[in-house]
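In what follows, a structure is listed as structure tokens, so that the remarks can point back to it.
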Amino acid sequence: MEQNPGEDRMLGPDNEQANIAALAARARRRNWRLDLGEGLEAAYQADHRARAVVFFRHSSIFIFLIYLLLSSGIYRLMPHEDVPRWLALYGWVGVIIVAASVLSRIARLNPLFEHYVGFGSFAAVALSVAVTGVVVNPVAGQLTQVAVMYAIIIIYSVVGLRFMQAMYAGWLGGLAGTVLAWLLDGGVDWELLNRTFTGSSLLGMFIAYYAERRDRELFLQAHLLRDANERTEEYAGRLDRLSRHDALTGLANRRHFDEALQQEWRRATRQQMPLAALMIDIDHFKHYNDSLGHVSGDACLRKAASIIAAHARRPGELAVRYGGEEFLLLFPDSDRDSACQQAERLLEAFRLARLPQAPGLAREFLTVSIGVACTLPGTGMMSPDELICAADDALYEAKHGGRDTWRYAAGIGGGDAPAPPVRQASN
């Protein structure tokens, strides 16, 4: 199938739509060349080889049975004085069929399939043609010509060679067989050989060409279908990720969080393990956004998100952009003390990051306030939404407590809440 010079450039991974268009255009072409282009041609040949090996393993039995049938007919009609010379040549055809059948059953030799079958086909044709020159009996001679036709048709349609390989094996084998007949001082009936060898070769080429052309079209269509399915799955995955993740920060969005919260709540209820939530707010973010602009504000949110995401490492832990400059961390199997330690570590991470705050405030660097809530699902009247509301209330207390600090939601989780360490405001 002929291709334009620029088509291979369109098949690169950087231009997916051009790749698809080029493949579709190639599938519609009806040119005479059997070529799928760079890259895809190698894939087709590997696929064809894998199928041909399997097919030949089974068909070789029937090829050998037909060979035996022809051989028995020739032997019965062959003059006794010609049997040794005939058997010395045509007996090797059977050996070639058996040897190729054995080799096809050795998996590690599969990459060499075209080589040993191609050479075997060449030799089988050469021997079949040479035999016609050593048989004197007219009836037996006609059977040897039938054997030539048998060899040619088998090579073009059964052994699994591609069109060009079969054509080389057939025509070169015929030429070698003619030379071998002369070397054996045999006479060649050119008229009969032309009707059998030449005619069957042309017929075999016609069958093989259109069979391979159809096979290539089916391969190309299957490739296009597989590519379309992969792209559909990829797009579905992208849509799912977009629907579950915040586009700006890459963190989970509210939809994803609501699903995860319900799932973790049910698991915590079954396994009687605590569940903690940290509500996080960037201090004075409105001032930052108004002073430096939305582009800088978006960059600030991405940096803050990366710091927060680094604290959700274990399976089930989730970092969420809850809305605006508010974030949330969900910690399964985390009790009150562990949750408060996480809050302190997160505050320290922001202090160490030293993200510049917008000018005009007492604080030089960006800080966050955190509300912490923890409960044991199934042991009280609290619901998942109430856990988040409790963390939000604690966040409110932290912001009114001077910011750059955390507060634990009073009244849940049992016992008195630990007190956060007292810190001087960063200057």
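The values are calculated or read from the model by the stated rules, or taken from the named source; none is laboratory data. What you see is a predicted model, and the numbers here were worked out from it, not measured in a lab. Cβ atoms come from the backbone with ideal geometry, glycine included; neighbour counts cover every protein chain shown.
Listing for the model above:
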{"quantity": "Failed item in (1) farther than 23 Å from residue 266 by Cα; (2) buried (at least 19 other Cβ atoms within 10 Å of the Cβ); (3) at pLDDT below 90, with residue 361 passing the rest", "calculated": "(2)"}
{"quantity": "Count - residues of segment 277-330 that are at pLDDT below 95, of a type in the set (Gly, Ala, Ser) and assigned to a strand (DSSP E or B)", "calculated": "1"}
{"quantity": "Filter result for residue 117 (surrounded by fewer than 20 Cβ atoms within 10 Å (Cβ to Cβ), touching a residue at least 12 places away in the same chain (Cβ under 8 Å), touching a helix residue (DSSP H, G or I) at 6+ places or on another chain (Cβ under 6 Å) and in a helix (DSSP H, G or I))", "calculated": "no"}
{"quantity": "Scope segment 199-226; condition surrounded by fewer than 15 Cβ atoms within 10 Å (Cβ to Cβ) and either touching a residue at least 60 places away in the same chain (Cβ under 8 Å) or over 30 Å from residue 41 (Cα atoms) (or both); matching residues", "calculated": "199, 221"}
{"quantity": "Sole residue being under 49 Å from the mean Cα position of the chain (by Cα) and closer than 25 Å to residue 130 by Cβ, chosen from 89, 77, 68", "calculated": "68"}
{"quantity": "Odd one out for residue 389, checked against (1) hydrophobic (A, V, I, L, M, F, W, C); (2) in contact (Cβ under 8 Å) with a residue 24 or more places away in the chain; (3) closer than 20 Å to residue 264 by Cβ", "calculated": "(2)"}
{"quantity": "Yes/no for residue 347 being free of Cβ contacts under 8 Å to residues at least 60 places away in the same chain, among the aliphatic types (A, V, I, L, M) and in contact with a Phe, Trp or Tyr (Cβ under 8 Å, 6 or more places away or on another chain)", "calculated": "yes"}
{"quantity": "Residue that is modelled with the lowest pLDDT, among those in segment 371-402 that are buried (at least 16 other Cβ atoms within 10 Å of the Cβ) and not in a helix (DSSP H, G or I)", "calculated": "382"}
{"quantity": "Test result for residue 183, modelled with pLDDT under 90 and not charged (D, E, K, R)", "calculated": "yes"}
{"quantity": "Hey, residue 229 in a helix (DSSP H, G or I), out of contact with any Gly (no Cβ under 8 Å at 6 or more places or on another chain), without any contact (Cβ under 8 Å) to a residue 40 or more places away in the chain and closer than 30 Å to residue 142 by Cα or not", "calculated": "no"}
